[in-house]
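The values are calculated or read from the model by the stated rules, or taken from the named source; none is laboratory data. What you see is a predicted model; the values in this text were computed from it and never measured. FYI the Cβ positions are ideal-geometry reconstructions off the backbone, even for glycines, and counts take in every protein chain you see.
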Amino acid sequence: MDDDAKLIEFEAKIKRGEKIEPKDWMPERYRKQLIRMMSQHAHSEIVGMLPEGNWITRAPTLRRKMGLIAKVQDEAGHGLYLYSATETLGIGRDEMVDQLLEGKAKYSNIFNYPSLTWADMGVIGWFVDGAAIVNQTMLARSSYGPYSRAMLRICAEENFHKKQGYEIAATLALGTQAQKEMVQNAVDRYWWPSLMMFGPSDKDSPNTPLLMKWKIKRKSNDDLRQRFIDLTIPQAQRIDLTIPDPDLKLNKKTGHWEFGKINWDEFYEVIRGNGPCNKERMTARRKAHFDGEWVRIAAEEYAKKRKTNHSNNN
Amino acid sequence: MADKKPAEPRSDRRDSQWLLWEVFTQSKTGLPHEHAGSVHAPDAEMALQNARDVYARRGPVTSIWVAPSDSITASTSSDSQPFFDPADDKIYRHPQFYKVPKGVKIFK
Amino acid sequence: MISNRDSKTGQALFEYLLRLGDDRLVLGHRLSEWCGHAPILEEDIALANIALDCIGQASNFLSLAGKVENKGRNEDDLAYLREAVDFRNVQMVEVPNGDFAHTIARQFLFDVYSYPLLDELQKSADGEIAGIAEKAVKEDRYHLRHSSEWVRRLGDGTGESHDRVQNAFEDLWTYSEELFFTDEVDDILVAAGIAPDLALIKKAWEEMVAKVMKDATLDIPGNDRYMAQGSRNGRHSEHLGHLLAEMQIVHRSYPGVKW
Ligand SMILES: [Fe+2]
Ligand SMILES: [Fe+2]
């Protein structure tokens with residue numbers, strides 16, 4: 001079969017709703033797009049451990065401390081699942097980690113914002129994991145088998161994160177005046193960056209049509225963003241928190257919330273590396289990696305010695 | 001990223017992430033092991049420990065297998081015709097092929 | 001639970017539960033500082049698991065301590081509203097993490113102590129302690145497997161890893177004797193069949209430490225050095241105050257609220 005025939009068969013397969021598996025033929029562009037998307041996604045999980053890890057040592061009760069550790073640990077697991085799924089496309093985790101540490105790879109902008117109060121642990125879980133669920137539920141139906149399976153596993157855990165986040169936010173919102181102010185402040189800081197998590201508007205997102213044709217993505221950025229907003233506004237209203245957007249209003253005809261203008265300049269600035277915490281996040285990741293090098297090498301050397309001893313004994 | 005500082009040179013170009021292992025878990029004794037995912041580890045003992053932490057920390061797992069990923073050989077989709085199709089024709093392999101007199105329960 | 005927690009036994013039991021709880025709370029807190037900064041992703045997950053187990057065990061022991069004390073304090077009151085001088089953990093768990101070798105060596109020295117202790121506590125005459133220990137000992141069996149395997153790998157890995165972990169053991173040895181400190185709290189509870197004799201645990205500890213360190217090609221540090229003491233009665237290192245300042249800041253800034 002020549003490549004044209006293979007492409008026809010490949011696209012027919014996708015059209016029939018079948019999954020593409022690692023050893024199946026796939027167009028180079030499909031592989032490249034997947035590696036880009038999936039490794040970015042994996043990096044986001046890993047860098048995403050930092051703003052929440054920042055509050056583990058200060059969590060105000062033992063139950064909250066354990067819930068937060070478990071959550072950050074899950075994010076490490078998500079990174080691990082996603083790196084593994086990406087590895088099926090022929091790139092090593094080693095190479096992906098290097099790309100991140102050398103500043104060549106992107107990760108979600110949201111993690112370049114600082115976590116300033118305990119309330120951020122509520123609002124991050126509620127908004128950021130909530131947005132992640134909207135995105136990942138869509139990706140669980142992605143045409144690439146390993147990606148879709150990783151997403152299914154991840155979505156189940158994200159629900160715990162979102163519930164925990166909303167519970168923290170709700171407890172604060174219904175608490176004392178000081179607690180309420182703390183959580184409103186976090187909502188004010190995290191709302192707009194959370195909307196940016198879905199990426200640029202469809203008209204500025206050149207990859208989208210192809211990604212949708214090959215069912216890597218099943219919905220556009222704007223559709224997903226709208227879904228997140230529609231889900232989140234009533235949740236905020238129920239606990240009496242104000243979303244910092246004067247233009248928000250429910251369109252009774254469409255049933256969708258209309259919202260104000262997103263500051264895309266800020267979005268592109270943060271991507272370019274000029275967000276509040278880009279430097280800190282990368283410095284923390286690099287430090288962990290380079291400080292850990294002697295540990296990783298020691299374990300390898302130990303394994304090597306065991307192997308040689310073993311073959312000498314035989 | 002604005003900060004263009006390159007990664008510090010490593011002592012050599014060895015893979016910084018250890019070997020890749022495939023993990024198979026059993027959720028209840030008697031059930032088959034199923035592929036759960038992968039982990040990185042320098043050796044089998046660490047692969048087992050890592051697999052436990054990653055794939056058994058939620059939900060019940062009664063047993064774990066790990067195997068180096070490069071020791072696994074997979075069929076390709078172009079194999080799938082000759083490899084798997086015949087099974088469907090060989091009806092004698094399927095339990096529905098055998099009739100059991102009414103009232104007899106052989107699978108209790 | 002023993003039916004007559006008369007004031008003498010009750011008070012000893014309260015002290016003893018604080019020792020059990022505080023060791024695990026402070027150690028779990030230190031381990032959780034690694035979250036997101038470990039040498040490799042798999043180890044982030046492993047250390048977080050152990051931290052979670054420790055804090056969970058602490059929560060159970062402190063909750064029971066509050067019940068025994070019977071003054072209406074729960075596990076959070078005990079964790080967040082006591083001063084450093086009221087904490088009963090050993091100093092070994094409060095010293096800063098240092099490098100990975102230091103964290104592993106500390107974890108190993110503690111696990112070798114904690115595992116046989118919890119194993120014995122399963123037979124405690126106090127049913128509630130026995131219940132907590134029964135669950136905790138399963139977790140500790142795994143902690144010990146993790147830390148001892150890492151001691152072997154670091155000790156017999158590279159020259160650098162060997163030196164680092166050997167140095168870590170030298171530094172930590174100062175704190176090893178405290179693990180086996182006993183006073184009238186132990187006397188009362190051992191007599192009542194509630195707590196095991198730490199002398200027996202010490203023997204098991206010495207054997208296991210010697211075995212693993214030998215496998216790891218490490219030298220056992222000598223006892224001819226300053227040996228820390230006093231923490232079971234509230235005399236700690238300077239580190240604990242800083243650790244608690246961080247741990248308790250949010251809780252104390254908003255007294256009496258729900259979280
Ligand atoms: Fe996640
Ligand atoms: Fe999450």
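Picking from residues in segment C:83-106 that are polar (S, T, N, Q) and within 14 Å of chain A (Cβ to nearest Cβ), the one that is nearest to C:Ala210 (Cα to Cα) is C:Thr103.
The residues of segment C:72-87 that are surrounded by fewer than 22 Cβ atoms within 10 Å (Cβ to Cβ) and among the charged types (D, E, K, R), listed by number, are C:Arg73, C:Asp76, C:Asp77, C:Arg82, C:Glu83, C:Asp86.
Quick one: in segment C:25-70, of everything that is without any contact (Cβ under 8 Å) to a residue 40 or more places away in the chain and under 13 Å from C:Glu94 (Cα atoms), which residue is farthest from the other protein chains (Cβ to nearest Cβ)? Once the filter is applied, the top-ranked residue is C:Gly28. Criterion applied to A:Ala178, A:Ala140 was being farther than 19 Å from A:Thr232 by Cα, more than 14 Å from ligand 1 (Cβ to nearest atom) and free of Cβ contacts under 8 Å to residues at least 24 places away in the same chain, and the one residue passing it is A:Ala178. As a summary of the residue check, C:Ala79 satisfies the conditions (1) free of Cβ contacts under 8 Å to residues at least 60 places away in the same chain; (2) within 14 Å of chain A (Cβ to nearest Cβ) except for the one numbered (1).
Listed by first and then second residue, the pairs with beta-carbon distance under 6 Å, at least 6 apart or on different chains, first residue in segment A:106-131 and more than 14 Å from A:Leu50 (Cα to Cα) and away from chain C (no Cβ under 14 Å), second within 16 Å of ligand 1 (Cβ to nearest atom) and of a type in the set (D, E, K, R), are A:Asp129/A:Glu158; A:Asp129/A:Lys162; A:Gly130/A:Lys162.
Counted as qualifying within segment B:7-108 are the helices (runs of 4 or more DSSP H) with 1 or more residues that are closer than 23 Å to C:Gly157 by Cβ and at pLDDT 65 or above, namely B:44-55.
Residues in segment A:151-169 that are among the hydrophobic types (A, V, I, L, M, F, W, C) and surrounded by fewer than 19 Cβ atoms within 10 Å (Cβ to Cβ) were compared, and the one that is farthest from the other protein chains (Cβ to nearest Cβ) is A:Cys155. The residue that is nearest to the other protein chains (Cβ to nearest Cβ), among those in segment A:60-86 that are within 26 Å of C:Leu62 (Cβ to Cβ) and small (Gly, Ala, Ser), is A:Ala70.
Taken together, the criteria exclude A:Phe127 from residues that are of a type outside the set (D, E, K, R), within 11 Å of ligand 1 (Cβ to nearest atom) and in the same structural domain as A:Asn221 (by TED's automatic domain parsing). With respect to the stated conditions, A:Ile91 is more than 12 Å from chain C (Cβ to nearest Cβ), touching a residue at least 40 places away in the same chain (Cβ under 8 Å) and over 22 Å from C:Trp259 (Cα atoms). Please go through segment A:107-124 and pick out each residue that is more than 25 Å from C:Ile249 (Cβ to Cβ) and within 15 Å of ligand 1 (Cβ to nearest atom). A:Tyr107, A:Ser108, A:Ile110 - these are the residues of segment A:107-124 that are more than 25 Å from C:Ile249 (Cβ to Cβ) and within 15 Å of ligand 1 (Cβ to nearest atom). Selection of segment A:41-76 for residues being within 13 Å of ligand 1 (Cβ to nearest atom), more than 13 Å from the chain's Cα centre (by Cα) and small (Gly, Ala, Ser) yields only A:Ala70. Only residues that are among the charged types (D, E, K, R), in contact (Cβ under 8 Å) with a residue 40 or more places away in the chain and not in a loop (DSSP other than H, G, I, E, B) were counted in segment A:1-29, giving 2.
For A:Leu172, the stated conditions hold: it is among the hydrophobic types (A, V, I, L, M, F, W, C) and either within 14 Å of chain C (Cβ to nearest Cβ) or within 16 Å of ligand 1 (Cβ to nearest atom) (or both). Picking from residues in segment A:94-104 that are within 11 Å of A:Met282 (Cα to Cα) and facing another protein chain (nearest Cβ under 9 Å), the one that is surrounded by the most Cβ atoms within 10 Å (Cβ to Cβ) is A:Leu101.
So for segment A:19-40 (the condition being within 16 Å of ligand 1 (Cβ to nearest atom) and either over 16 Å from A:Leu139 (Cβ atoms) or within 14 Å of chain C (Cβ to nearest Cβ) (or both)), does at least one residue qualify? Yes: segment A:19-40 contains one or more residues that are within 16 Å of ligand 1 (Cβ to nearest atom) and either over 16 Å from A:Leu139 (Cβ atoms) or within 14 Å of chain C (Cβ to nearest Cβ) (or both).
The single residue among A:Lys279, A:Lys305, A:Lys287 that is in a helix (DSSP H, G or I), free of Cβ contacts under 8 Å to residues at least 24 places away in the same chain, closer than 30 Å to C:Phe100 by Cβ and more than 14 Å from chain C (Cβ to nearest Cβ) turns out to be A:Lys279.
Within segment A:48-59, the set of residues being within 14 Å of A:Asp129 (Cα to Cα) and either at the interface with chain C (Cβ under 9 Å from one of its Cβ atoms) or not in a helix (DSSP H, G or I) (or both) comprises A:Gly48, A:Met49, A:Glu52.
Counted as qualifying within segment A:64-170 are the helices (runs of 4 or more DSSP H) with 1 or more residues that are within 13 Å of ligand 2 (Cβ to nearest atom), namely A:119-123, A:129-139.
Scanning segment C:142-157 for residues that are within 14 Å of chain A (Cβ to nearest Cβ) and either surrounded by fewer than 18 Cβ atoms within 10 Å (Cβ to Cβ) or assigned to a helix (DSSP H, G or I) (or both) gives C:His146, C:Ser147, C:Ser148, C:Glu149, C:Trp150, C:Val151, C:Arg152, C:Arg153, C:Leu154, C:Gly155.
The residues of segment C:205-253 that are closer than 30 Å to A:Ala119 by Cα, buried (at least 18 other Cβ atoms within 10 Å of the Cβ) and in contact with a Pro (Cβ under 8 Å, 6 or more places away or on another chain), listed by number, are C:Val250, C:His251. Among the residues of this structure, A:Ile239 counts as one that is touching a residue at least 60 places away in the same chain (Cβ under 8 Å), β-branched (Val, Ile, Thr) and assigned by TED's automatic domain parsing to the domain that holds A:Arg189. Scanning segment B:16-64 for residues that are crowded, with 20+ Cβ neighbours inside 10 Å and of a type in the set (Val, Ile, Thr) yields B:Val23, B:Thr25, B:Val39, B:Val54.
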